[in-house]
Each structure stands twice: as C-alpha cells, then as structure tokens.
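J.: Dumping the structure here so I can ask a few things about it.
The values are calculated or read from the model by the stated rules, or taken from the named source; none is laboratory data. Here the structure is a predicted model, which means the values were calculated and not measured. In this analysis, Cβ positions are derived from the backbone assuming ideal geometry, glycine residues included, and neighbour counts consider all displayed protein chains. Accessible surface is based on the protein model in full, side chains and every heavy atom, while ligands, DNA and RNA are left aside. Shrake-Rupley method; radii C 1.70, N 1.55, O 1.52, S 1.80 Å.
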Amino acid sequence: MLHTRELIRKIWDAQGYGNLAVWGDGTTVVIAPGEKPERSGEAPLAIFKPIPLVAGFPMLDFATHDTALLEHIEATIREAGGEIEREN
C-alpha cells in the first residue's frame, strides 16, 4: 500500500536527481529522465517528474498539505491500478 504524503516526500527528495519510479508494493527508485525501468520484469505504476510537481513549494510541508497535489498523486496511482491512502 502506498501512502500519499510519504510519496510526496520521496518526490521532493528526488528533485535535481531524476524522476521517481513507483511500483505497487511501495518500492521507489530515482531514475534518469527518459529511462524505462523494470523490476523483476514489471514496469512501475507511475513515473513522477519532481520539478513540475513540487519545485513551486517553498517548503516540503506546504507540498504535503496541498490538496490539489495530494489528489493528483492519488489519481495517478489509482488510474494505474495501484492502491494508495492518505495518512493523517
């Protein structure tokens, strides 16, 4: 099970290093832009580009409490067939 705010923290940390690939079991890997990762032959549920998602927030806390960002992350994972929940 994925957790929305935890995923946003990982996206935040990936800024400047690459994109964040996310699998359904919660595994994440920072990858180079354009890279097509697989893990045990399985493609990730989603690949998030950190700069467009979180660079506009001056602090991580603002990003983890932004309703539009939370909903975007959750919709992306659910549309890919994954499960995600928003921790309080």
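J.: Hey, of [x] 46, 29, 21; [y] 36, 27, 16; [z] 53, 24, 12, which did the structure itself give for Cα extents along the principal axes in Å when calculated?
T.: This structure yields the entry labelled [y].
J.: Once phi is turned into θ = phi - 60°, what whole-Hz ³J(HN,Hα) does the Karplus curve with 6.51, -1.76 and 1.60 give for every residue of the range 52-67, x standing for Gly and Pro?
T.: The phi angles translate into x, 7, 10, 5, x, 8, x, 9, 4, 4, 5, 5, 6, 10, 7, 4 Hz.
J.: Under a Cβ-only charge scheme (Lys and Arg +1, Asp and Glu -1), can you give me the dipole magnitude of the chain about the Cα centre, in debye to the nearest 20?
T.: Using only the charged Cβ atoms, the result is roughly 240 debye.
J.: Select from the range 8-65 those GluC sites (Glu not before Pro) which occupy a DSSP coil region and have at most 12 other Cβ atoms within 10 Å, ordered by residue number. Walk me through the intermediate numbers first.
T.: Details: sites: Glu35, Glu38, Glu42; in loops: Glu35, Glu38.
In loop regions of the range 8-65 (DSSP not H, G, I, E or B), the sparsely surrounded GluC sites (Glu not before Pro) are Glu35, Glu38.
J.: Of Arg39, Arg5, Arg78, Arg86, which has the most accessible area and how do the rest follow, probe 1.4 Å?
T.: Details: Arg39 65, Arg5 35, Arg78 125, Arg86 95 Å².
Ranked list, largest accessible area first: Arg78, Arg86, Arg39, Arg5.
J.: Apply the Karplus curve 6.51 cos²θ - 1.76 cosθ + 1.60, θ = phi - 60°, to the phi angles in the range 73-88 and return the couplings in whole Hz, x for Gly and Pro.
T.: After applying 6.51 cos²θ - 1.76 cosθ + 1.60, I find 4, 5, 5, 4, 5, 5, 5, 8, x, x, 10, 8, 9, 9, 6, 7 Hz.
J.: Please list, ordered by chain and number, the residues whose modelled amide H lies under 5 Å from the amide H of His3; skip anything fewer than 5 residues away on the same chain.
T.: Residues meeting the criterion, in which the H sits 1.01 Å from N, are Glu85.
J.: Let me ask something additional. Which value in nm describes the separation of the simple spin-label points at Glu35 and Arg9, placed 7 Å from the Cα toward the beta carbon?
T.: 2.3
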